[in-house]
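Notes to accompany the following structure.
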Amino acid sequence: MSATATITMSALPSKSTIKLAPAQSHAEASSSQAQNQPPKSQKQMTKTERREQQERQRAAKAATKAAGPQPSGSNQNSAQVKKGAPPAASTSASVKKGGKGPDGKPTKDTKETTSDDSARGLRIFSHFGLPKPPGPSKGDIHPAIIRLGLQFSEFKIVGANARCISTLTAFKTVIQDYVTPPNNTLSRHLLTHLSPQITHLVSARPMSVTMGNAIRELKLEISGSDIDLPEQDAKNLLCQKIDDYISERITIADQVIQETAGTKIKDGDVILTYARSSVVEQVLVGAWDDGKQFSVVVVDSRPMLEGKKLLSVLSAMGIPCTYLLLPSIGSVITEVSTVLVGAHSLHSNGAVFSRAGTALVAMMAKQHSVPVVVCCETYKFAETIQLDSFTKNELAPAGDIFSSFPLTRSKDTLTLNKQLNLEILNPLYDLTPPSSITAVVTEVGVIPPSSISSIPLALGRTTL
């Protein structure tokens, strides 16, 4: 009896086990079938969706290693979470990518449109300086500098000479209002005080060569000031140095250039100039005041249209003028005697960096054997060598800034603006090769572009 009971007791569990085994296998089969039904296969997934899935799997694996061994039930749940996550992720990714949503209808490509809008445009020109209003001021910015920065960003002050003079005049105000803190010297602390002022101006518009040369001279004067001099006397001396720089390097230099270049104009000449240069304007006005009879062809181009201002000045003086746009220069170049242009900067290899379009005018003049004379002060010389206008340039604002003609419609309706598939690009400067330039008139004399390196020696210096 005991043996039979033992057999019966041992047999019962085996029967129960046999009966439960099919139910357990059925549950596992159903769960595996649910897990093996992803909405998309690897081939159907996009590259972004596969990358997101791989990142989630790596994160789950790292979390599993950090948590240590887990029970089989928790492992099964984590596996279900891993395999169940891609559907939701793929659904959200499909929504972001403009695929089909949960209802099966195509969704709007919002994310792609936003990224395309931000990346739209010609990235090859992204390094060009953009005209923009200065951002929030960092540091103690003088009100005169803030006002000047706004004028720079809105192109209310244009031209290398005008920008340099206005910058030095604003620095005179900053220096006069400056007070040296205790336990500091003016020669050391004033340089620190001027740094945020310069940074603010550069944030409004890229610094010109003339501004850089003038600021360098001002820093040298500040660092060399006498520490034993009373503060007000030192500030007055610095302001006097600024006035001397403006007078000697700009005002008097322009007068010398005016006299030198005026001798190149003869009676009956036809002088062609491009855009507007303050030095060329003085040369033409001075030659007319000397009694010489000549005519002027003013060539202009959009969007700045600076030649309109020069045209108004010359026509008010009674000088016979002809106004045309740059594409029409070929129809008048054969009648021109001399080309007079200004310069933004002149580099040590003899290349002239000037308003965009100057290179075209110079090359056209060379093709027809017309002499090209550049009027440029020596403080515009740069020690660098520039081979093209792509590595460093600036963008002009879109639209015509100077509009003097009466309009029947509003100016905004006549201005070409950016559109979905249209990007407005207005480079502000171009580079004229030295081979297209006949001579450069400076305050130290008339020199060929190949002899630019001799100008520092003419000024009594070893460097520019």
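For segment 365-372, state whether one or more residues are under 14 Å from Gly159 (Cα atoms), assigned to a strand (DSSP E or B) and either touching a Gly at 6+ places or on another chain (Cβ under 8 Å) or modelled with pLDDT of 85 or more (or both).
Step one: of segment 365-372, the residues under 14 Å from Gly159 (Cα atoms) are none.
Within segment 365-372, none of the residues are under 14 Å from Gly159 (Cα atoms), assigned to a strand (DSSP E or B) and either touching a Gly at 6+ places or on another chain (Cβ under 8 Å) or modelled with pLDDT of 85 or more (or both).
With the requirement that a residue be under 15 Å from His344 (Cα atoms) and among the small types (Gly, Ala, Ser), what does segment 262-289 give you?
Selection gives Ala275, Ser277, Ser278.
Can you go through Val361, Val341, Val298 and tell me which one is at pLDDT 95 or above, surrounded by 16 or more Cβ atoms within 10 Å (Cβ to Cβ), touching a Gly at 6+ places or on another chain (Cβ under 6 Å) and closer than 30 Å to Ile424 by Cα?
Values: Val361 fails: touching a Gly at 6+ places or on another chain (Cβ under 6 Å); Val341 fails: touching a Gly at 6+ places or on another chain (Cβ under 6 Å).
Val298 is the lone residue from the list that is at pLDDT 95 or above, surrounded by 16 or more Cβ atoms within 10 Å (Cβ to Cβ), touching a Gly at 6+ places or on another chain (Cβ under 6 Å) and closer than 30 Å to Ile424 by Cα.
Considering each of Ile146, Ile141, Ile157 in turn, give the residue that is under 20 Å from the mean Cα position of the chain (by Cα), in a loop (DSSP other than H, G, I, E, B) and modelled with pLDDT of 75 or more. Break it down stepwise before answering.
Working: Ile146 fails: in a loop (DSSP other than H, G, I, E, B); Ile141 fails: under 20 Å from the mean Cα position of the chain (by Cα).
After ruling out the rest, the residue left standing is Ile157.
Kindly evaluate Val279 against the criterion of being modelled with pLDDT of 95 or more, in contact with a Cys (Cβ under 7 Å, 6 or more places away or on another chain) and not charged (D, E, K, R). Talk me through it step by step, then tell me what you get.
Numbers: modelled with pLDDT of 95 or more: yes; in contact with a Cys (Cβ under 7 Å, 6 or more places away or on another chain): yes; not charged (D, E, K, R): yes.
The answer is yes for Val279.
Just to check your reading of the model, which residue among Ser404, Ser436, Ser450 is at pLDDT 65 or above, open to solvent by 50 Å² or more (accessible area, probe 1.4 Å) and of a type in the set (Gly, Ala, Ser)? I'd like the intermediate steps shown before the answer.
Numbers: Ser404 fails: at pLDDT 65 or above; Ser436 fails: open to solvent by 50 Å² or more (accessible area, probe 1.4 Å).
So the residue among Ser404, Ser436, Ser450 that is at pLDDT 65 or above, open to solvent by 50 Å² or more (accessible area, probe 1.4 Å) and of a type in the set (Gly, Ala, Ser) is Ser450.
When Gln282 is evaluated against the numbered criteria (1) open to solvent by less than 30 Å² (accessible area, probe 1.4 Å); (2) in contact with a helix residue (DSSP H, G or I) (Cβ under 7 Å, 6 or more places away or on another chain), which criterion, by number, is the only one it fails?
(1)
Just to verify a result, which residue in segment 301-315, among those that are of a type in the set (Lys, Arg) and part of a helix (DSSP H, G or I), is most open to solvent (accessible area, probe 1.4 Å)?
Filtering segment 301-315 for residues of a type in the set (Lys, Arg) gives 302, 308-309.
Pick out the ones that are also part of a helix (DSSP H, G or I) and you get 308-309.
Details: Lys308: 35, Lys309: 98 Å².
By that ranking, first place goes to Lys309.
Check whether at least one residue in segment 235-250 is open to solvent by less than 60 Å² (accessible area, probe 1.4 Å), without any contact (Cβ under 8 Å) to a residue 24 or more places away in the chain and β-branched (Val, Ile, Thr), and report yes or no.
Among the residues of segment 235-250, not one is open to solvent by less than 60 Å² (accessible area, probe 1.4 Å), without any contact (Cβ under 8 Å) to a residue 24 or more places away in the chain and β-branched (Val, Ile, Thr), which makes the answer no.
Considering only helices (runs of 4 or more DSSP H) fully contained in segment 189-272, which possess at least 2 residues that are closer than 30 Å to Val336 by Cβ and at pLDDT 95 or above? Quick ask: steps written out before the conclusion?
On the way: elements: 209-223, 231-246, 252-262.
Fully inside segment 189-272 and qualifying: 252-262.
The values are calculated or read from the model by the stated rules, or taken from the named source; none is laboratory data. Bear in mind that the values here come from a model prediction, so they are computed numbers and not experimental data. We place every Cβ from the backbone using ideal geometry, glycine too, and count neighbours over all the protein chains shown. Heads up: the accessible areas ignore ligands, DNA and RNA and are worked out on the full protein's heavy atoms, side chains in. Shrake-Rupley method; radii C 1.70, N 1.55, O 1.52, S 1.80 Å.
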